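Undergrad: The structure is given below, and queries will be raised subsequently.
The values are calculated or read from the model by the stated rules, or taken from the named source; none is laboratory data. These numbers were taken from a predicted model, which means no experiment stands behind them. Cβ: placed from backbone, ideal geometry, glycine included. Neighbour counts: every protein chain shown. Surface areas here come from the heavy atoms of the whole protein model, side chains and all, with no ligands, DNA or RNA. Shrake-Rupley method; radii C 1.70, N 1.55, O 1.52, S 1.80 Å.
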Amino acid sequence: MNSSVSETVDQSIPKEVSEKLTMVEAVNLALDHAMADDQDVVLLGEDIGVNGGVFRATQGLRDKYGLKRVMDTPLAETLIAGISVGMATQGLKPVAEIQFMGFIFPAMEQLICHAARMRNRTRGRLTCPMVLRAPFGGGIHAPEHHSESTEALLAHIPGLRVVMPSSPVRAYGLLRAAINDPDPVIFLEPKRIYRAVKQDVSYDTAILPLDKCFTLKQGNDVTLISWGAAVKETMEAANTLQEYGASVEVIDVATIKPLDMETILTSVRKTGRCVIIHEACKSFGVGAEISAALAEEALTDLKAPVERVTGYDITMPYYRMEDHYLPKPDDIIKAALKTLSFH
């Protein structure tokens, strides 16, 4: 790395220490460890330095690594994405933050026309090892532009990876992997569960594979598939269905692009039934892609039509109607029981 970017700071990591951390704290720790391990990792975004980010995901990192590696930017998402592309093609590993996913749209031109195409455009001469982080989803009583789940827009773009963790351990492991990846990764963090649960996370926590689903629960009767914050309600529904006597398999997709259909197909061929859960609107979503792939590859294995439990095809409502919009465990249970009624 260019010496002008580095500063003399204490970057020692207590590798044996494990703490119970929330997801946002696990994100902070992943960034900390990645920066300590690799001098080329730099952070940039609005208010991420002095203030530590709107959700405090970067809190303390500017003090530890200095303003040349943790950079506050103007309120200009196009600039943030464009600078990240430039940095990435010249040997750095930028991790940029977009404050809310609803503000990602000005960055799309840089992501679609440049970041996603860099390897193809240069026939492999240049890659674009950048990560774009963004909190996404509803459930925190925020205005509409702070509550979108538009992951399908990004997943449609060749050359972009789209990763969505659902727990502190997976947030840490997947973010470390995303930073190590030689190509651009969109890392979407479900803010509704930023502080919902704590898990043991440390330097020795595994760096997890990208492009792989995680099977959270084994079962034989029905497969529940979800990602992001909706995994929480999916697991709650699975536990209730188990009390009803159903054997439920739960899959956290985690990386929605590229999609690990092998794991999904293996599960659905075993259970014969599938419910897909996400809070994004229903039409043209990732759930539709999974359902179509199941129809193409496993139609004769299905014992019931695939069910989808999703948000509505409307703009995310304000907080008084937000809870009505989001999928709930009862909705998932109803859909699963519907599939189980087919014999």
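Undergrad: Using unit Cβ charges (K, R positive; D, E negative) and no other charged atoms, how large, in debye to the nearest 20, is the dipole of the chain about its Cα centre?
TA: 420
Undergrad: If I take every Cα pair under 8 Å that is 6 or more residues apart in the chain, average their sequence separation and divide by the length, what percent do I get for the relative contact order?
TA: Values: 765 pairs, mean separation 55.6, N = 343.
In percent, rounded to a whole number, it is 16.
Undergrad: By the gyration tensor of its Cα atoms, with a ≥ b ≥ c the square roots of the eigenvalues, what is the shape of the chain: rounded for a/c under 1.5, prolate for a/b over b/c, or oblate?
TA: prolate
Undergrad: Ranked highest first by the average count of other Cβ atoms within 10 Å around their residues, in what order do 115-123, 246-254, 22-30, 135-143 fall?
TA: Output ranking for 115-123, 246-254, 22-30, 135-143: 22-30, 246-254, 135-143, 115-123.
Undergrad: Name the residues whose placed amide hydrogens come within less than 5 Å of the amide hydrogen of Thr255, ignoring near sequence neighbours (fewer than 5 apart) on the same chain.
TA: Here Met164, Asp211, Lys212 satisfy the definition.
Undergrad: Return the whole-Å distance between the Cα centroid of the stretch 283-343 and the Cα centroid of the stretch 250-270.
TA: The stretch 283-343 and the stretch 250-270 have Cα centres spaced 15 Å from each other.
Undergrad: Something else: Sort the stretch 218-343 into rounded, prolate or oblate with this rule: let a ≥ b ≥ c be the square roots of the eigenvalues of the Cα gyration tensor; rounded if a/c is under 1.5, and if a/c is not under 1.5, prolate when a/b is larger than b/c, oblate otherwise.
TA: Cα axes put the stretch 218-343 in the oblate bin.
Undergrad: Here's something else I'd like to know. With the dipole of the stretch 89-176 worked out from charges on the C-beta (+1 for Lys and Arg, -1 for Asp and Glu) around the Cα centre, which of Gly91, Ala142, Leu174 lies farthest toward the positive end?
TA: Farthest towards the positive end: Gly91.
Undergrad: Place +1 on the Cβ of every Lys and Arg and -1 on the Cβ of every Asp and Glu in the chain, take the dipole about the Cα centre, and give the residue among Tyr194, Leu241, Met118 whose Cα lies farthest towards its positive end.
TA: About the Cα centre, the residue reaching furthest to the positive side is Met118.
Undergrad: From the residues His33, Ala57, Leu21, which one has its Cα farthest along the dipole of the stretch 20-62 in the positive direction, the dipole being from +1 and -1 charges on Cβ of Lys/Arg and Asp/Glu about the Cα centre?
TA: Positive-most Cα among the choices belongs to Leu21.
Undergrad: Going down the table (Lys93/Lys198; Lys212/Lys270; Lys282/Lys338; Lys212/Lys338; Lys68/Lys198; Lys68/Lys257), which pairs top 21 Å between alpha carbons?
TA: Pairs exceeding 21 Å: Lys93/Lys198; Lys212/Lys338; Lys68/Lys198; Lys68/Lys257.
Undergrad: Kindly identify the stretch 60-187 as rounded, prolate or oblate by the Cα gyration tensor criterion: order the square roots of the eigenvalues as a ≥ b ≥ c, call it rounded if a/c is under 1.5, otherwise compare a/b with b/c, prolate if a/b is larger, else oblate.
TA: Rounded shape, in that the Cα axes give a/c under 1.5.
Undergrad: What's the carbon and sulfur percent of the chain's accessible surface, probe 1.4 angstrom, rounded to a whole number?
TA: Taking all protein chains in place, the chain shows 52 percent carbon and sulfur surface.
Undergrad: For the chain, give me the percentage of DSSP beta bridges that are antiparallel, rounded to the nearest 5 percent.
TA: Within the chain, antiparallel bridges account for around 20 percent of the total.
Undergrad: Continuing with this model, one more query. If we sort 310-316, 148-154 on the protection proxy, mean other Cβ atoms within 10 Å, highest first, what's the order?
TA: The packing order, highest mean first, is 148-154, 310-316.
Undergrad: Using 0.36 nm per residue of separation minus the Cα-Cα distance, give me the extension gain between Lys20 and Gln242 in nm, one decimal.
TA: 77.1 nm
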